[in-house]
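The values are calculated or read from the model by the stated rules, or taken from the named source; none is laboratory data. Small disclaimer: the values here were computed from a predicted structure and weren't measured. When we count neighbours, we look across all protein chains shown, and the Cβ atoms used for this are built from the backbone with ideal geometry, even at glycine.
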């Protein structure tokens, strides 16, 4: 019987996907440890940047972490973009687009993409913007990779910069009705076999 601990978290806007900073002291940064009493040795599986929100899995088991960050598991994101996203842009995302990774050009794998209605998430701590600046729209984008800021770069590449990004699913694990900042401990992660 494993003694490892596993958690599902709704990471709020403005938090780092880590527990401590390696940088010089910055009192403005917020870390995951402020949200829940996680077991010692807990690590986030993959990352969501400070401005991104949504599903974050955490574990004390490095093997589980490696399995989930592989390309075996789909990662689905809901993105609010600047402007009314077009079917042409959706088609480009589905074919794969060229983005920059560490100063080099990179062609993403084909993604699953579709327009969606506003999913109705609570307002985040810092308002996205108001309608005076033009319309926004929502899309669902599902990828298997996890390059640095990949979904944001993909959307920018097709002409629709991301205003808000929320991860809603990893494999068979869904964000569900967890509120921003809420975490729950689970026995394991659905669909993850080692």
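Given 44, 65, 52, 17, which one is within 16 Å of residue 162 (Cα to Cα), in contact (Cβ under 8 Å) with a residue 12 or more places away in the chain and outside the structural domain of residue 126 (by TED's automatic domain parsing)?
52
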Worksheet item: Where residues in segment 57-85 are within 17 Å of residue 108 (Cα to Cα) and under 13 Å from the mean Cα position of the chain (by Cα), which of them is modelled with the lowest pLDDT?
Response: 69
Discussion item. Suppose we filter 165, 84 for residues that are outside the structural domain of residue 50 (by TED's automatic domain parsing) and touching a helix residue (DSSP H, G or I) at 6+ places or on another chain (Cβ under 7 Å); which single one remains?
Written reply: 165
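One line per residue, one yes/no per condition, for (1) under 15 Å from the mean Cα position of the chain (by Cα); (2) assigned to a strand (DSSP E or B); (3) at pLDDT 95 or above:
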{"site": "41", "(1), (2), (3)": "no, no, no"}
{"site": "47", "(1), (2), (3)": "yes, no, no"}
{"site": "55", "(1), (2), (3)": "yes, yes, yes"}
{"site": "90", "(1), (2), (3)": "no, no, yes"}
Item to complete: May I ask you to list the residues in segment 145-162 that are closer than 16 Å to residue 103 by Cβ and in a loop (DSSP other than H, G, I, E, B)?
Response: 147, 148, 149
Worksheet item: Restricting attention to segment 153-175, which residues are over 28 Å from residue 186 (Cβ atoms) and touching a residue at least 60 places away in the same chain (Cβ under 8 Å)?
Response: 154, 155, 157, 158, 159, 160, 161, 162, 163
